[in-house]
Amino acid sequence: MAERPRPGSRRASLRDWSIRTKLVVFALLLSILPILLASVVVSILFTNSARQRALVSMQHEGLTSAQMLDARLGEGQAFVRVLGLDPALATFAARPTDPAARDAAARFLKAANEKDKYYESVAVVDRTGRIILSSVASDIGSDVSMRPYVQRALQGAAYISDPSVSVITNKPAIFYSAPIQDPSGQIVAVVRIRAALDDFTQVVDRDAGSQGPGSYGMLLDEYGIRLAISTTPANRGDVASKYLYRAITPVPPDAERAMVAEKRFGRAAESKVGVLAIPNLVPALQSPNDMPVPDMNSDLNAERNIGYAVRMQNKPWRYVLVTPHSTFNAQISALQAVVVAIGLGSAILAALIGIFVGRTISKPLLHLARVADRMSLGELDTRIEVGRRDEIGVLAESLSRMQASLRAAMERLRPRRS
């Protein structure tokens, strides 16, 4: 059977707290609650703002890198087109056994090769797909008939190839080609430039860390095959062996068979193109426009990432900038740490103010209570020292008047007693 509360007893409540304690608690609540509310609002707003600023920065950097790559591709295509119009090459293609025509064409190819440090060789390919003259002697006699750059140039177009492994050097390269025509307009041969892929990987590498720790760039072809990934010389071999020439999504069977037949990626795709899937990036690959990818997995880290895919102009490729969520979340964490520090500082200051204010209120009240206790014992000469004009001062004056009245009453009673 539950024990009933004794008469006159009650549970301790807020009313039983001292004024000093109430003021300290009130000051803490008054300082902390607005700061907590402000921190929540600021965090939400700053998170959205940080995401938007990250996407804008990634878009700008992605566009810059894509334009640099497009410019290099455009320069190579324009240059090979000019080479195809040179009479020395047309004369040699028409009379390949003529020593004078051969010497003139060889000098021309050598001079063209020296125009750019990334050009590995400039060569003439006959209509059967065999190299009949080159700025590099070891190229001569190589069969490149399976390469699309030969087939497209023989159809009359100046062409930029996808990166592929050279059958001569066994290194990745980009090929520019253009038709060579005789005076009658008949296509008699093809001129082609083999350019080292280093020129393009350097553009991609410059985006390593450009958006903060862990960010990088990635170049994809129209099928989502990785052509280049930002890296450093120290881990370039490891990144290349794991990721380059692997697709983010399965390649259509017809395109895959064509790549295998032309040995586009050498040993990396001898029988099929490997897949290392990034599913959330596929819509950006299929879109005709630049677009953000708010959440995607990554080749180079185990966390979730933000991506921005930029469409290139001279080839149907995509340049993608990738940034880990933690990189811009770090900015949010830093802001939250500042808010928490401000909150703690405000709480400490509020507590000190509460203690000070509470002391200025409770100390005179306790003094008045002691005076009242002594008055109840008949000690009417106790001095009341408050010296305030606020409500506590009014109470002190009232108590002082009461003390005076009691003394006067006691004085009147003394004669009667005697």
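The values are calculated or read from the model by the stated rules, or taken from the named source; none is laboratory data. Note that the structure is predicted; figures quoted are calculated from it, not measured. Counting neighbours? That spans all protein chains shown, and the Cβs are built from the backbone with ideal geometry, glycine included.
Only one of 186, 181, 211 is free of Cβ contacts under 8 Å to residues at least 12 places away in the same chain and either touching a helix residue (DSSP H, G or I) at 6+ places or on another chain (Cβ under 8 Å) or polar (S, T, N, Q) (or both); which?
Of 186, 181, 211, the one residue that is free of Cβ contacts under 8 Å to residues at least 12 places away in the same chain and either touching a helix residue (DSSP H, G or I) at 6+ places or on another chain (Cβ under 8 Å) or polar (S, T, N, Q) (or both) is 186.
For the range 384-418, which positions are in contact with a helix residue (DSSP H, G or I) (Cβ under 8 Å, 6 or more places away or on another chain) and in a loop (DSSP other than H, G, I, E, B)?
384, 385, 386, 387, 388
Limited to the range 171-181, what total is found for residues that are surrounded by 14 or more Cβ atoms within 10 Å (Cβ to Cβ) and modelled with pLDDT under 90?
1
Would a scan of the range 148-170 turn up a residue that is over 30 Å from residue 102 (Cβ atoms) and touching a residue at least 60 places away in the same chain (Cβ under 8 Å)?
Yes.
Would you pick out the residues in the range 60-108 that are of a type in the set (A, V, I, L, M, F, W, C), over 29 Å from residue 141 (Cα atoms) and touching a residue at least 24 places away in the same chain (Cβ under 8 Å)?
63, 66, 68, 69
Tell me, please, whether a residue that is within 15 Å of residue 321 (Cα to Cα) and without any contact (Cβ under 8 Å) to a residue 60 or more places away in the chain can be found in the range 245-254.
Yes, that holds for at least one residue.
With (1) part of a loop (DSSP other than H, G, I, E, B); (2) among the hydroxyl-bearing types (Ser, Thr, Tyr); (3) buried (at least 17 other Cβ atoms within 10 Å of the Cβ) as the list, and residue 271 as the residue in question, which single condition is left unmet?
So residue 271 meets the others, but not (3).
Looking at residue 213, is it over 22 Å from residue 304 (Cα atoms) and outside the structural domain of residue 132 (by TED's automatic domain parsing)?
Criteria not met by residue 213.
Do you know which of the residues in the range 51-68 that are farther than 13 Å from residue 212 by Cα and of a type in the set (A, V, I, L, M) is modelled with the lowest pLDDT?
56
Quick one: would you say residue 107 is closer than 26 Å to residue 78 by Cβ, surrounded by fewer than 20 Cβ atoms within 10 Å (Cβ to Cβ) and more than 43 Å from the chain's Cα centre (by Cα)?
Criteria met by residue 107.
Every residue, every condition in (1) modelled with pLDDT of 95 or more; (2) surrounded by 15 or more Cβ atoms within 10 Å (Cβ to Cβ), yes or no:
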| site | (1), (2) |
| --- | --- |
| 70 | yes, yes |
| 81 | yes, yes |
| 111 | yes, no |
| 123 | yes, yes |
| 144 | no, yes |
| 148 | no, yes |
| 153 | yes, yes |
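Determine which member of the set 333, 346, 376 is among the hydroxyl-bearing types (Ser, Thr, Tyr) and either on the phi > 0 side of the Ramachandran plot or modelled with pLDDT of 80 or more (or both).
After applying the criteria, what remains is 376.
Return yes when residue 349 is in contact (Cβ under 8 Å) with a residue 40 or more places away in the chain and under 60 Å from the mean Cα position of the chain (by Cα) and no when it is not.
It is true that residue 349 is in contact (Cβ under 8 Å) with a residue 40 or more places away in the chain and under 60 Å from the mean Cα position of the chain (by Cα).
Residue-by-condition table, conditions (1) among the charged types (D, E, K, R); (2) in the same structural domain as residue 255 (by TED's automatic domain parsing); (3) outside any loop (DSSP other than H, G, I, E, B):
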position: 282; (1), (2), (3): no, yes, yes
position: 299; (1), (2), (3): yes, yes, no
position: 308; (1), (2), (3): no, yes, yes
position: 313; (1), (2), (3): no, yes, no
position: 320; (1), (2), (3): no, yes, yes
position: 343; (1), (2), (3): no, no, yes
position: 360; (1), (2), (3): no, no, yes
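What is the residue count in the range 351-373 for residues that are at pLDDT 80 or above and among the β-branched types (Val, Ile, Thr)?
The total comes to 1.
Just for the range 186-238: of the residues that are within 22 Å of residue 63 (Cβ to Cβ) and of a type in the set (Ser, Thr, Tyr), which one is surrounded by the fewest Cβ atoms within 10 Å (Cβ to Cβ)?
Going through the qualifying residues, I end up with 210.
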